[in-house]
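What follows is one structure encoded as structure tokens, with my remarks underneath.
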Amino acid sequence: MPQNNYLRGRIAGQSAMAAVIAAQAHCAPRGFLARIVGVSPLTDESRAHYRGAVGELLVGSILDRLGDSWDVLHGVPLGASSLDHFAVGRAGVFAISVVNCQGDDVAIRGDELVIAKTISNAISEARESALAVAASLEAALGTAVNVVPVLVMVEPVKVSMPALPDGVQVLTSMQLEQWLLSSAATLSGEEVATISAAAEASATWPEPELSAVTSHTLTRAFVQIHHDVRAASLRRFLWVVAALIVTFLSVWSLVSVLTGLVVGF
């Protein structure tokens, strides 16, 4: 498929990574003690963007292994916002939005997505993004294109679905690849190629806000932040383990002393 467009150079999670790096640039470096005890390097402003970037990277890696019969784009501009991932194959056209639910319980109540007891508008936003993608493709091709809105929940702990949303496919990241590959064909190879060509054309989408930072530089900076976050998390875990060991040894010593006293009597 042709690769003559800036969208081909965009990586999964690019906008979120840029937001993390921009937010972190304004915070003071952690002190020695903070690093030793494992204080997270993330600020309150950057934490949500960081979770979003990690989620988009994971889903992007899943989509990128679909195979040559699929065409995937990341960070498609939609005006004030962007679509996390765009995918087109024989199974159809998919506007894929991502929400990172790692470590959280999730409930789906129609258009309400409840993550850790907090209501998210992600389902309705996924539907709106798909409509925007369909409108842009229709304007470019001169014919209507059916775009399926997909919301991917990244690694939730538990998912309950009291009421399914209308017109939005909600999946976990574990389900996404198999669902796409097993979906029935709705497009011919020629239709896939036509839609793919339109999707990669700059004129199809609203003008994006392009960053002066290259994707390579962006990735390198984000990887360093990710490394620092993981290292801080590991340090906190080790401190907890150390505290549990000290507590166990203290209790064991106390029990031994009390046992000795009782035996002594």
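The values are calculated or read from the model by the stated rules, or taken from the named source; none is laboratory data. Computed from a predicted structure; not experimentally measured. Ideal geometry is used to build each Cβ from the backbone, glycine not excepted, and the neighbour counts take in all protein chains shown.
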Query - Count - residues of the range 119-139 that are assigned to a helix (DSSP H, G or I) and touching a strand residue (DSSP E or B) at 6+ places or on another chain (Cβ under 6 Å) - result: 8
Report task. Look at the range 138-151 and say how many of its residues are crowded, with 18+ Cβ neighbours inside 10 Å and within 15 Å of Gly89 (Cα to Cα). Result -> 5
Requested in this report: Output yes when any residue across the range 181-198 is outside any helix (DSSP H, G or I), touching a helix residue (DSSP H, G or I) at 6+ places or on another chain (Cβ under 9 Å) and surrounded by 12 or more Cβ atoms within 10 Å (Cβ to Cβ), and no when none is.
Outcome: yes
Query raised in the report: Which residues, taken from the range 84-114, are in contact with a Pro (Cβ under 8 Å, 6 or more places away or on another chain), modelled with pLDDT under 95 and under 23 Å from Ser15 (Cβ atoms)?
Result: Cys101, Gln102, Asp104
Report task. Inspect all residues belonging to the range 114-121 and state whether any of them is under 18 Å from Ser81 (Cα atoms) and surrounded by 14 or more Cβ atoms within 10 Å (Cβ to Cβ). Result -> yes
Report summary line: Across the range 1-59, the tally of residues that are among the aromatic types (Phe, Trp, Tyr) and modelled with pLDDT of 85 or more stands at 1
Query - helices (runs of 4 or more DSSP H) enclosed by the range 1-106 - at least 2 residues per element that are crowded, with 23+ Cβ neighbours inside 10 Å, hydroxyl-bearing (Ser, Thr, Tyr) and out of contact with any strand residue (DSSP E or B) (no Cβ under 7 Å at 6 or more places or on another chain) - result: 44-63
Report task. Under 6 Å between Cβ atoms, at least 6 apart or on separate chains: pull out the pairs that start in the range 66-81 with a residue that is in contact (Cβ under 8 Å) with a residue 24 or more places away in the chain and end on any residue that is of a type in the set (Phe, Trp, Tyr). Result -> Leu73/Phe86; Val76/Phe86; Pro77/Trp205
Requested in this report: Quickly run through the range 147-180 and pick out the residues that are in a loop (DSSP other than H, G, I, E, B) and either under 11 Å from Ala126 (Cβ atoms) or touching a Lys or Arg at 6+ places or on another chain (Cβ under 8 Å) (or both).
Outcome: Pro165, Gly167, Val168
